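The values are calculated or read from the model by the stated rules, or taken from the named source; none is laboratory data. Because the structure is predicted, anything quoted here is derived from the model rather than measured. So basically every Cβ, Gly included, is an ideal-geometry build from the backbone, and we count neighbours across all protein chains shown. The accessibility values were calculated without ligands, DNA or RNA, using every heavy atom of the protein model including side chains. Shrake-Rupley method; radii C 1.70, N 1.55, O 1.52, S 1.80 Å.
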Amino acid sequence: MREIVLINISGADRPGLTAAITGALARCGVGILDIGQAVVHDTLSFGILVEIPAGGELSALQKEVLFVAHALEQQVRFTKVAEADYRAWVAGQGKPRYIVTLMTRRVTAAQLERVSAITARHALEIDQIDRLSGRLALDTPEARSKGCIEFSVRGEPADPAALRDEFLLAAQELNVDIGFQLDTVFRRVRRLAVFDMDSTLIEAEVIDELAKAAGIGEQVAAITERAMRGELDFRASFKERLALLKGLPDSVLADVGASLRLTEGAEVLFAELKRLGYKTAILSGGFSYFARQVQAKLGIDYVFANELEIVDGKVTGVAVEPIVDAQRKADLLCQLAEQEGLCLEQTIAVGDGANDLPMLGLAGLGVAFRAKPLVRQSAKQAISNLGLDGILYLLGYRDRGEPGA
């Protein structure tokens, strides 16, 4: 009669250990039902679920494995698994799988406890836990730190809205970002990423910077803030703010453009997206003059933004149609996806304002980046604590340049 046995091996990581252990198993003629290995700070944890065929002997297997493990200074534990338990475990693989991504400057036990407790309350079983972020030096400044832990979980939450609310509350209380998404084939085959510009790719709202130069900064900034929170219609507020800039000398544009700074992580994100074969686009309610500057810095493929009309060296204050508003952003996303031969599930959209919500909702991965509360609560995913390169963690990519990560 066949037997099923779980073998757990732990100890200092050593070269050739996996080959030596599996060699011992090969000599016993066993089948491998499952296998997993992790190394944390040079300490190995290795698990193998094996099937001993009819006629095989557990004692012979134990002798072979113990001999090899002793020579490699490893601890070994053997646990028999009932066939009924194994069948129940196999049946569980039909359950949906989700990815929970915890992103923060520095990972703490309190953060991990909160996330794992929430998943348990909603009947989600943790299959695997991985670190996606690079190894962190102890003296790394907080502003330059990045930590990401990915949980692979199985199950079907009875109340997805309640689960999401708990994750949002935990994120606010513990200064973390928590992503929750169904693990599908599209997660790693997305190929188009579109971005808002102001307060997303750059750390400013350009129209507010122009207003400061015109001496009406506070007045325009107040309108911008209300529009981004969704309290004002974007088209109407855009025309109102633009009219206030009438007469602004075009010489101001170069000064404002020179003062703009890219958002943290932008260069890293776009370099990686380019390496992965993505097409990228700016879909901005801001101005094309500045969007083209950002395009040149980041190597972006497409730019769609509003034209700033200038006559006789001065801003006219007149809005040029078509205005890139919320609906136009959504339409452009669909247009670009079709042009690139992609379905919407293969797209990413990133923005911070209420006028970004339609495109965030259409994209396969919609990310509210350092967004207003309404946008953060409405979007599928949100990042508020890390830079733009945190988006790579939501795609499941590890930090590069770390052997053995």
Alpha carbon Rg of region 45-101, scaled by the compact-globule rule 2.2 N^0.38 Å: 1.53
Taking θ = phi - 60°, what integer Hz values does the Karplus form 6.51 cos²θ - 1.76 cosθ + 1.60 yield along region 86-103, in sequence order, with x for Gly and Pro? 5, 4, 5, 5, 5, 4, x, 6, x, 6, x, 10, 10, 10, 10, 10, 9, 10
Taking only protein heavy atoms into account and a 1.4 Å probe, give the accessible area per residue of the chain in Å². 48 Å²
Descending semi-axes in whole angstrom, ellipsoid equivalent of region 8-165, from the Cα gyration tensor: 35, 24, 10
Here the relative contact order (percent) of the chain, from C-alpha pairs under 8 Å and at least 6 apart, is 15 percent
Per residue Cα convex hull volume for the chain, in cubic angstrom? 161 Å³
Translational diffusion coefficient of region 3-91 at 20 °C, 1.002 mPa s, Stokes-Einstein with Kirkwood Rh over Cα pairs, in µm²/s as a whole number. 160 µm²/s
Per DSSP, the loop-located GluC sites (Glu not before Pro) within region 199-287 having at most 14 other beta carbons within 10 Å are 203, 231
dims of region 133-194, Cα set, principal axes, largest to smallest, nearest Å -> 42, 33, 26
At 1.4 Å probe size, what's the solvent-accessible area of residue 129? Round to the nearest 10 Å². 100 Å²
Longest principal axis of the chain (C-alpha) makes with the long axis of helix 234-244 (C-alpha) an angle, in degrees to the nearest 10, of 40 degrees
Please arrange 316, 108, 200 by accessible surface area, largest first, computed with a 1.4 Å probe and ligands excluded. 108, 316, 200
Counting only the heavy atoms of the protein chains, how much of residue 238 is accessible to a 1.4 Å probe, in Å² to the nearest 10? 10 Å²
Cα convex hull volume per residue for region 83-176, in Å³, equals 112 Å³
Among all the lysines, which ones have a C-alpha under 20 Å from residue 212's C-alpha, if same-chain residues fewer than 8 places away are not counted? 239, 246, 314
Given the whole protein assembly as supplied and a 1.4 Å probe, what does the accessible area of residue 27 come to in Å², nearest 10? 150 Å²
Sorted list, accessible surface of protein heavy atoms, 1.4 Å probe, largest first, for 329, 372, 63, 314 is 63, 314, 372, 329
What percentage of the solvent-accessible surface of the chain, computed with a 1.4 Å probe over protein heavy atoms, is contributed by carbon and sulfur atoms? 53 percent
